Amino acid sequence: MKIVLPGCAVVCAAALWSACALAAPPGSAYQTSVQLSSGRNLLCSVNESQPAGETAVLTRREQVEADVLATQRLRLVSGPESPYPSAYTAPSVACVNAG
């Protein structure tokens, strides 16, 4: 009879480690309102699923501006250094029209 406990323990430990590594750090997932220089108002989610509403159709310049404004809070939370990739250094940003 073979004992498979060590192999099972390694697999379980790896699964738990990867699940914890994928969890967003505290303060890294939020929604924020953004006003572009053109006057457009957006609701952007950072490291969350897209907010309910009509997806904003943005030019490349508007998208970059929305990303920079929406992730400002992350730069304040994470400070000057953070491991890469993380929710702080490689955030996911999705915006919808705010009305």
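Only the coordinates and a few stated rules stand behind these numbers; no lab work does. This structure is a prediction, so every number in the text was calculated from the model and none was measured. Positions of Cβ are backbone-derived with ideal geometry, glycine not excepted, and every protein chain shown enters the neighbour counts.
Could the peptides 37-49, 53-65 be put in order, highest first, of the mean number of other beta-carbon atoms found within 10 Å of their residues?
Taking the mean over residues of other Cβ atoms within 10 Å, the ranking is 37-49, 53-65.
Return the Cα extents of segment 30-99 along principal axes one, two and three, sorted largest first, each rounded to a whole Å.
Between the extreme Cα coordinates on each principal axis of segment 30-99 lie 35, 23, 18 Å.
Using modelled amide H (1.01 Å from N, peptide plane; none on Pro or chain starts), what sits under 5 Å from the amide H of SER92, excluding residues fewer than 5 places away?
HN-HN under 5 Å from SER92: ASN47.
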